[in-house]
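First comes the structure, then the notes that go with it.
The values are calculated or read from the model by the stated rules, or taken from the named source; none is laboratory data. Keep in mind it's a predicted model, so treat the numbers as computed, not measured. Cβ atoms come from the backbone with ideal geometry, glycine included; neighbour counts cover every protein chain shown. The accessibility values were calculated without ligands, DNA or RNA, using every heavy atom of the protein model including side chains. Shrake-Rupley method; radii C 1.70, N 1.55, O 1.52, S 1.80 Å.
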Amino acid sequence: MGKHIMYILPVLALLSAGGGIPAAAAGPKSAGAGFAFTGISINWQQNASRSTFHNISLEMDLYQVLSGESRTPGVRFSYVKDFIFASSEHENFTLNWYAGPGFTAGYVMDRGSEGYGLMAGLCADIGAEFNFDIPVCISIGLTPSFAAHVAREEGNTAMDMYTNGLLHIISPKLGIRYRF
């Protein structure tokens, strides 16, 4: 992974400094992890208002790692502004249905690609979140992305659609977070 880190760090630094990620917003926040067949992520959520929240994820992309074809995971970053479009309160929890647009970027391997390359594009969230009376949140959702993938293939630079991003629509992500 050592030779790949020189590509990852500039991308993450650029995205963090880009201003597209809100600084400290008001309201409750939560931190935790997400688990899917496509990867494992660390997540940060910050409420922007009663019906919107910022969702920031840094994910270890496990494409071809789980099958044994590669030993090095890719890295993806995403920011989504989610909108709660339905909510219901129950005896021990509140159920929120949410969806929202965002962007994603990273250094990943794609289906049909010979190696790792830069990926950037748009993504979206849709899902349900259970906020329990104890400070624990559990969510289930989908995060598809529509992005470009640029990689070196046979000595040439090739740009293609990031196919794995579209496949994320059939790979649900389970999130577990602690609410502050």
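A probe of 1.4 angstrom, applied to the heavy atoms of all protein chains, finds T157 with accessible area near 90 square angstrom.
Give me the extension gain from S70 to I134: residue separation times 0.36 nm, minus the current Cα-Cα distance, reported in nm with one decimal.
19.0 nm
Using the Karplus relation 6.51 cos²θ - 1.76 cosθ + 1.60 with θ = phi - 60°, the per-residue 3J(HN,Hα) values for the stretch 143-160 come to 9, x, 9, 10, 9, 9, 10, 10, 9, 8, 9, 6, x, 10, 8, 10, 10, 9 Hz, with x marking Gly and Pro.
State, as an integer percentage, the relative contact order of the chain based on alpha-carbon contacts under 8 Å between residues 6 or more apart. Could you put the intermediate results ahead of the total?
Working: 443 pairs, mean separation 33.3, N = 180.
Rounded, it is 19 percent for the chain.
How would the chain be classified by its alpha-carbon gyration tensor: rounded, prolate or oblate, with rounded meaning a/c under 1.5 and the a/b versus b/c comparison settling the rest? It is prolate, given that a/c is not under 1.5 and a/b is the larger ratio. Surface exposure of the chain, expressed per residue as accessible area with a 1.4 Å probe, stands at 54 Å². Put L142, L122 in order of accessible area, highest first, and with a 1.4 Å probe you get L122, L142. Across R111, R71, R76, R152, the residue with the most accessible area heads the list, and the full order at a 1.4 Å probe is R71, R152, R111, R76. What FRET efficiency comes out for S87 versus E114 if R0 is 41 angstrom and r is the Cβ-Cβ distance? Round to the nearest 0.05. The formula returns an efficiency of 0.35 here.
Measure off, as a whole percent, the carbon and sulfur share of the 1.4 Å-probe accessible area of the chain, all protein chains present. The value for the chain is 66 percent carbon and sulfur by accessible area. With axes computed from alpha carbons, what is the tilt in degrees of helix 2-17 against the longest principal axis of the chain, rounded to the nearest 10 within 0 to 90? On a 0 to 90 degree scale, this one is about 40. Put K81, K173 in order of accessible area, highest first, and with a 1.4 Å probe you get K81, K173.
Here the stretch 154-180 and the stretch 64-85 have alpha carbon centers that stand 5 Å from each other. Between L95 and S49, the simple label model (points 7 Å from Cα in the Cβ direction) yields a spacing of 2.5 nm.
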